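Asks: Have a look at this one.
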Amino acid sequence: MLALLLQLGAASKAADDLEKAVEEAFPQHPDAEILLSFPGLGIQLGARVLAEIGDDRQRFADPRGLKAHAGASPITRASGRKSSVTRRWVKNDRLNHVGYLWAFSAPNASPGARTHYLRRRNEHGDWHASAQRNLFNRLLGQLYHCLQHRELFDEQTASPSGLTVAA
């Protein structure tokens, strides 16, 4: 039991050291300011997003490639008169998990993200997970645009005033 406690203590210390290292190193990255401008992304989640998508801007030819890599975009299968829309099973699981956390916190930080999430839940009848996946899909498209054009996230551009509701 004592050996397990020592291992747990060592693992806890290693996690704390990693957290401090990320907090020191991530803000120095050239894309950190862009990532941190997005609602719901802090230093830890921003670093995880950057680690999973990389900093090679040519890696994904378009936003659809990034969304498919993350598992945020749906798969549509059609044959004859039958059609189905399902979620992706083959994806980057770590980036997908970050997306879940990002889409969970973004509506609290952004009126546009909250409006989008609520619209998916109420008007489209999406379940919570589906609405979150749709919001993550939208956020990834905006992130792709901002990284390609070296722009910070702008709430008014991302969600024009006609789409947002007063908080």
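Asks: Once the other residues with Cβ under 13 Å from the Cβ of TRP127 are scored (Lys, Arg +1; Asp, Glu -1), what is the net sum?
Replies: +3
Asks: Could you state the number of Å between the C-alpha centres of the range 4-34 and the range 120-145?
Replies: Between the Cα centres of the range 120-145 and the range 4-34 lies a distance of 30 Å.
Asks: Rounded if a/c is under 1.5, else prolate if a/b beats b/c, else oblate: with a ≥ b ≥ c from the C-alpha gyration tensor eigenvalues square-rooted, which is the range 30-158?
Replies: Because a/c hits 1.5 or more and a/b fails to exceed b/c, the range 30-158 counts as oblate.
Asks: Report the residue, chosen from GLU52, GLU19, GLU151, that carries the largest GNM mean-square fluctuation when the chain is represented by alpha-carbon nodes joined by springs under 10 Å.
Replies: GLU19
Asks: Something else: Contour minus end-to-end for LEU18 and ALA129, with contour as 0.36 nm per residue of separation and end-to-end as the Cα-Cα distance?
Replies: Here the segment from LEU18 to ALA129 would lengthen by 37.0 nm.
Asks: At a 10 Å Cβ-Cβ cut-off, how would you order LEU2, LEU35, fewest neighbours first?
Replies: Details: LEU2 6, LEU35 24.
Ascending number of Cβ neighbours within 10 Å: LEU2, LEU35.
Rule-based calculations on the coordinates, nothing more; no lab input. Keep in mind the model is a prediction, meaning the values are calculated, not measured. Cβ atoms come from the backbone with ideal geometry, glycine included; neighbour counts cover every protein chain shown.
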